2 protein chains.
Amino acid sequence: MYRILLLLLLSFSAKAQNDSTFIRSVYNTALSDGEAYEDLRSLCKDIGARISGSAEAEMAVYWGEAKMREYGFDKVYLQEIQVPHWERGTKEAGWIKSKDGQLFKVHLLALGGSIGTNGSMEADVIEFKTLDALKKANPNSVKGKIVFVNQHMDEQQINTFRAYGGCYAMRGNGAVEASKLGASAILIRSLGLPVDEHPHTGSMHYVDSVERIPAAALSTIDAEKLSDILKKGKARFVLEMDCRSYPDATSYNVIGEMTGTEKPDEIITFGGHLDSWDTGEGAHDDGAGIVHCLEALRILKTLNYKPKHTLRLVFFMNEENGNRGGQSYASIAKEKGEKQIAAIESDRGGFTPRGFHCDGSDEFVTLLQSFESDLTHYDLHVFEKGYGGVDIGPLKKYYPEIPLFGFVPDSQRYFDFHHAPSDVFENVNKRELELGAAAVASLLYLLDLNL
Amino acid sequence: MYRILLLLLLSFSAKAQNDSTFIRSVYNTALSDGEAYEDLRSLCKDIGARISGSAEAEMAVYWGEAKMREYGFDKVYLQEIQVPHWERGTKEAGWIKSKDGQLFKVHLLALGGSIGTNGSMEADVIEFKTLDALKKANPNSVKGKIVFVNQHMDEQQINTFRAYGGCYAMRGNGAVEASKLGASAILIRSLGLPVDEHPHTGSMHYVDSVERIPAAALSTIDAEKLSDILKKGKARFVLEMDCRSYPDATSYNVIGEMTGTEKPDEIITFGGHLDSWDTGEGAHDDGAGIVHCLEALRILKTLNYKPKHTLRLVFFMNEENGNRGGQSYASIAKEKGEKQIAAIESDRGGFTPRGFHCDGSDEFVTLLQSFESDLTHYDLHVFEKGYGGVDIGPLKKYYPEIPLFGFVPDSQRYFDFHHAPSDVFENVNKRELELGAAAVASLLYLLDLNL
């Protein structure tokens, strides 16, 4: 606490001047000699979508390790984990049959973890406006039907992650709730804000006590179409999916370090997740976070920065459907008796930076806020208490005092692309990506200096 | 000033609570029942690029007047002006001829106002890294050649408008400076940040005492190519353009008003510019500003707001190559003895909002800053002294005390599209556009309430 007060008092001192000069160098390197955009192109185009357990995920591990070695980090190693292995298969299609015999092919994606349909299935559709409405339904009205939950993300939320949070349970729990009432399958409206033709996949779960039924997300434009048709009378839906789960597969967290010069046993962990969903290219989610953090460490090394603490870059595996990477990383750290003093995560896309959240005590929130004077020139203005991230979250279990920092880019476009075929390299802006890398590098530097 | 202090004191009062409630309604309307995106689609697709003096500009005037009447504003009228009339013509092409005989076709656009080449021309190329370097050149080295100024926008500027300002003179004055030294034509590197194939046009000028030479902008990727070829030896350039100027044409500012209920003779002017360059669709520049302001007034009317002062929406004509609309508007206001008390402009694109600049006395900057508590929930954080805008700028000449407010969206992507074929509707994000309209409507409301 004393150090924090001192820092505030010194905010116009020579030291603060040096911070500003160094941070300016960080930004100049990111913007004039950056490699983030080319690294993202490579991850998206040379590998592409990389769901846990896939050959692409294996290639991403290879890519990550090779990149870290190429950049000459002090230690580069893999951390073996077991990950869920689910595959979409080759058949995935759906049609609406209207009362008057018209047929409409829809854009859909099986939700991650869903069972297949074992050939095609066909049933009447019953629509619910929300998951809560489904829960209250009479089982007689649902039995044997395909449930369609048409819950909209709330576009009036300025922070789009809040709108996402409001619909998350529909995707995660919808299949269990529909099956409890005897439904034969569930379709949900995609968790995306625009009304367009891109379906958005994402994780769902089953419970052992309830029969498993197929689950898929319709694109928002098809959800509107189905709802319109249902307003005019009955409709049937034909669904075929041959997705399935396989036994757990071996995979890895990829780790690279710059060793601390003063306190090498004190570790600042930072990273994003290397896996993605199996559609699009995982460009914003979370290719952007991967290259933000990779580029951050590359820049600090390029500028010949000698960290006080050990800076540990982690490409976490399996954030999307299990979080095995994050959980294993935290438990292994504890087992080894490591001293984890802070963690940073970037997993909200490669958009223009706004600032950082801190999930930690008031002392650490105050520390974060003390960085504002150094960072405000870079259009950063969010320095507040908030969420860290899914991958670094498990550290809290073993290190209750650790502050977790979440990088906060602008949220307006994220749910245009999230988990959708449109999450491709072309939808990431070069400058926005570079500014994100510079912001993460600057926070890493300031934390190393002030912890 | 007293009112401003009072406002600060009352910031947690019932009044502030009412402001917040009303502003929430503004945002809800923009996000759930908005028409900004569809209006922009119509302006971009039903009309398209609309340079002053063109049939498209005439259609845009028709469109603007019809929209204002459709929305039922109290008064809708046109203000006649004379505008420059320049046309690109039908031939526009350029080739690099390298020393070893290779031919490369480039992407280029004549600068607005340039003369044509009168058939094709061919000459040796001489490159300068900056306009200043050109000014210092020996005339013997330039005479008869095509000058190529390859000045880069400074990507290290966080605010991209600063980077633009640093290159602006190359485009505006380059032809005059090159011609003074005997050059036969000038090519400039496009004023765009990405290295891509889109040339960026924009205004340039001649002076009577210096011979007029053709002027064009190469896409940044072609500028790099030409520079690379010149590193290896001499290169020639073949240029053909049949652009030309015509006599001034008649056009119009389009004006719509909501009449003030308490002080109808006190006017708050707000708007953007209806003309665009003749490439792309003028989507960000300044279709976004047009629909921000149109939607702002529509929302206030929809919410049954009764303004104290007269709110006057102006679609200015001819911002891009003459500013005749802005100049005429200001001088007519003065002639009529109007009381202009404030003005707002949106002309920096349809990107995620950051806040507002105020070009005015400290009193008005303080007033703007007092709005922060009402607007911070909407991700707005820029409330500072700064630039108003080109169209409202001339009001200062006649109303030296008037505060001018410039809407400030995020600047990172603007110079990807500015004056380029890529400035099309598809590159504007719906939510970002809607949030801009809500931000402008909120500022309009707060100014009306507090002035």
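The values are calculated or read from the model by the stated rules, or taken from the named source; none is laboratory data. Not measured: the values here are computed from a predicted model. Here the Cβ is made from the backbone with ideal geometry for all residues, glycine too, and neighbour counts use every protein chain on show.
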- [ ] Name the residue, out of A:289, A:280, that is in contact with a strand residue (DSSP E or B) (Cβ under 6 Å, 6 or more places away or on another chain), of a type outside the set (Ser, Thr, Tyr) and not in a strand (DSSP E or B).
- [x] A:289
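Residue-by-condition table, conditions (1) touching a strand residue (DSSP E or B) at 6+ places or on another chain (Cβ under 6 Å); (2) not aliphatic (A, V, I, L, M):
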residue	(1), (2)
A:75	yes, yes
A:93	yes, no
A:97	yes, yes
A:100	no, yes
A:116	yes, yes
Open item on the list: Quick check on residue B:180: is it surrounded by fewer than 16 Cβ atoms within 10 Å (Cβ to Cβ) and of a type in the set (Lys, Arg)?
Closed with: no
Task: Single condition residue B:69 does not satisfy, out of (1) at pLDDT 95 or above; (2) out of contact with any Gly (no Cβ under 9 Å at 6 or more places or on another chain); (3) in a helix (DSSP H, G or I); (4) exposed (fewer than 13 other Cβ atoms within 10 Å of the Cβ) - done: (2)
Task: Matching residues, the range A:416-425, being of a type outside the set (Val, Ile, Thr) and more than 9 Å from chain B (Cβ to nearest Cβ) - done: A:417, A:418, A:419, A:420, A:421, A:422, A:423, A:425
Open item on the list: Going through A:275, A:286 one at a time, which residue ends up being in the same structural domain as residue A:429 (by TED's automatic domain parsing), closer than 22 Å to residue A:328 by Cα, surrounded by 24 or more Cβ atoms within 10 Å (Cβ to Cβ) and in contact with a His (Cβ under 8 Å, 6 or more places away or on another chain)?
Closed with: A:286
Open item on the list: Looking at A:335, A:434 in this structure, which one is acidic (Asp, Glu) and surrounded by fewer than 21 Cβ atoms within 10 Å (Cβ to Cβ)?
Closed with: A:335
TODO: Taking only the range A:142-159 into account, find how many residues are in a loop (DSSP other than H, G, I, E, B) and more than 14 Å from chain B (Cβ to nearest Cβ).
DONE: 5
- [ ] Go through (1) away from chain A (no Cβ under 14 Å); (2) in contact (Cβ under 8 Å) with a residue 40 or more places away in the chain; (3) surrounded by fewer than 21 Cβ atoms within 10 Å (Cβ to Cβ) and name the single condition residue B:406 misses.
- [x] (3)
Task: strands (runs of 3 or more DSSP E) wholly inside the range A:167-273 that include at least 1 residues being out of contact with any Ser or Thr (no Cβ under 7 Å at 6 or more places or on another chain) and of a type in the set (Asp, Glu) - done: A:244-258, A:263-273
- [ ] Can you run down the residue pairs with Cβ atoms below 7 Å, 6 or more apart or on separate chains, where the first is in the range A:188-202 and within 14 Å of chain B (Cβ to nearest Cβ) and surrounded by fewer than 24 Cβ atoms within 10 Å (Cβ to Cβ) and the partner is part of a loop (DSSP other than H, G, I, E, B) and at pLDDT below 95?
- [x] none
Task: Residue satisfying condition, being assigned by TED's automatic domain parsing to the domain that holds residue B:440 and in contact (Cβ under 8 Å) with a residue 40 or more places away in the chain, within set B:60, B:93, B:137 - done: B:60
- [ ] State all residues of the range A:426-449 that are touching a helix residue (DSSP H, G or I) at 6+ places or on another chain (Cβ under 6 Å) and more than 14 Å from chain B (Cβ to nearest Cβ); if no residue qualifies, say none.
- [x] A:440, A:441, A:444
- [ ] Please identify the pairs in which a residue from the range A:149-167 that is over 21 Å from residue A:204 (Cβ atoms) and at pLDDT 95 or above has its Cβ atom under 8 Å from the Cβ atom of a residue that is surrounded by fewer than 16 Cβ atoms within 10 Å (Cβ to Cβ) and among the hydrophobic types (A, V, I, L, M, F, W, C), counting only partners at least 6 apart or on another chain.
- [x] none
Open item on the list: Just to confirm my filter: which strands (runs of 3 or more DSSP E) fall fully inside the range B:329-393 and include at least 1 residues that are within 13 Å of chain A (Cβ to nearest Cβ) and under 21 Å from the mean Cα position of the chain (by Cα)?
Closed with: B:353-359, B:382-385
